[in-house]
Amino acid sequence: MAVKERKFVKADSGKEVKNPAVTPRTKQERREKATGKRIAAVVFWLLALACEVALILTLNKTLYFEKGMLYWQLGFIIVDAILVIIGAQFWKRANDVDPASEENKVKFFLWNQMGLIAAAICLAPLVILLISNKDLDKKTKNILVPVAAAALVIAGLFSWDWNPMSEEEMTETINEYSTETVYYTRWGRSYHLDPNCQALLNSSVVFEGNIQEALDAGRNDPCDFCVPQH
Ligand SMILES: [Zn+2]
């Protein structure tokens, strides 16, 4: 459904009201905005890796806890997964403001799914080591293996970027809607051009801004109802 073309004019002067046009940020501006988030992502992933190492050290008996060994091991796995997921959220937010170019498809995929790669590095070896470990008693193994496997799957799902935007797509979108007012919600992934769009009617809070603000917030999916489809 296309939005009806309407012109808004100031009541006193009759002059057309237009939002100041948004110009796409330069590569350097985008990079600067993303750097802090990227560093945070890497720090969280390194901490997750430390948890993984700690668990491996308990398995090969380098690290020993006289009490509650199982709880320490469970703790290492769960904290590992949580840190992986937090890191991935920072990584995704960094890519919202500084998306990768899709010129190289492989690089584009790997860059966007770095969170998934981190999840695999920080959790998959644990699953393999736990399954193949011959020293663990059956009861401990029956608890740790499913927990580690579940942690891997959950961390993978939360780390996957379901809707990555490319640098090219971002520039095109900003240029196309540079003077438009766009709308988005607290939970939705879409941006809207029509404030009365049917997809917005059930949201108690609707954010209004320019296209840059919507993309910064990670709202990079054009609404199926009110944004013309290409
Ligand atoms: Zn819409």
Spot the failing condition for residue 155; the list is (1) more than 16 Å from the ligand (Cβ to nearest atom); (2) surrounded by fewer than 18 Cβ atoms within 10 Å (Cβ to Cβ); (3) in contact (Cβ under 8 Å) with a residue 24 or more places away in the chain, and only one is missed.
(2)
Please go through (1) out of contact with any Cys (no Cβ under 9 Å at 6 or more places or on another chain); (2) within 10 Å of the ligand (Cβ to nearest atom) for residue 186 and return the number of the only condition it doesn't satisfy.
(2)
Regarding the range 117-130, can at least one residue be identified that is touching a residue at least 60 places away in the same chain (Cβ under 8 Å), out of contact with any helix residue (DSSP H, G or I) (no Cβ under 6 Å at 6 or more places or on another chain) and not aliphatic (A, V, I, L, M)?
yes
Just to be sure before I move on: is residue 172 surrounded by fewer than 17 Cβ atoms within 10 Å (Cβ to Cβ), of a type outside the set (A, V, I, L, M, F, W, C), away from the ligand (no atom under 16 Å from the Cβ) and within 22 Å of the chain's Cα centre (by Cα) in the structure I sent?
yes
Identify, from the list 106, 79, 53, the residue that is among the β-branched types (Val, Ile, Thr), loosely packed, with under 12 Cβ neighbours inside 10 Å and modelled with pLDDT of 95 or more.
106
The lone exception for residue 218 - which of (1) part of a loop (DSSP other than H, G, I, E, B); (2) in contact (Cβ under 8 Å) with a residue 24 or more places away in the chain; (3) more than 12 Å from the ligand (Cβ to nearest atom); (4) surrounded by fewer than 16 Cβ atoms within 10 Å (Cβ to Cβ) it fails
(4)
Does residue 23 fit the bill of being among the polar types (S, T, N, Q), assigned to a loop (DSSP other than H, G, I, E, B) and either over 19 Å from the mean Cα position of the chain (by Cα) or not assigned by TED's automatic domain parsing to the domain that holds residue 145 (or both)?
yes
Within the range 47-85, the residues that are more than 13 Å from residue 136 (Cα to Cα) and outside any helix (DSSP H, G or I) are 62, 63, 64, 65, 66, 67, 68
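The values are calculated or read from the model by the stated rules, or taken from the named source; none is laboratory data. If you're wondering where the values come from, they're calculated on a predicted model, not measured in any experiment. Reconstructed Cβ throughout: ideal geometry from the backbone, glycine too, with neighbour counts over all protein chains shown.
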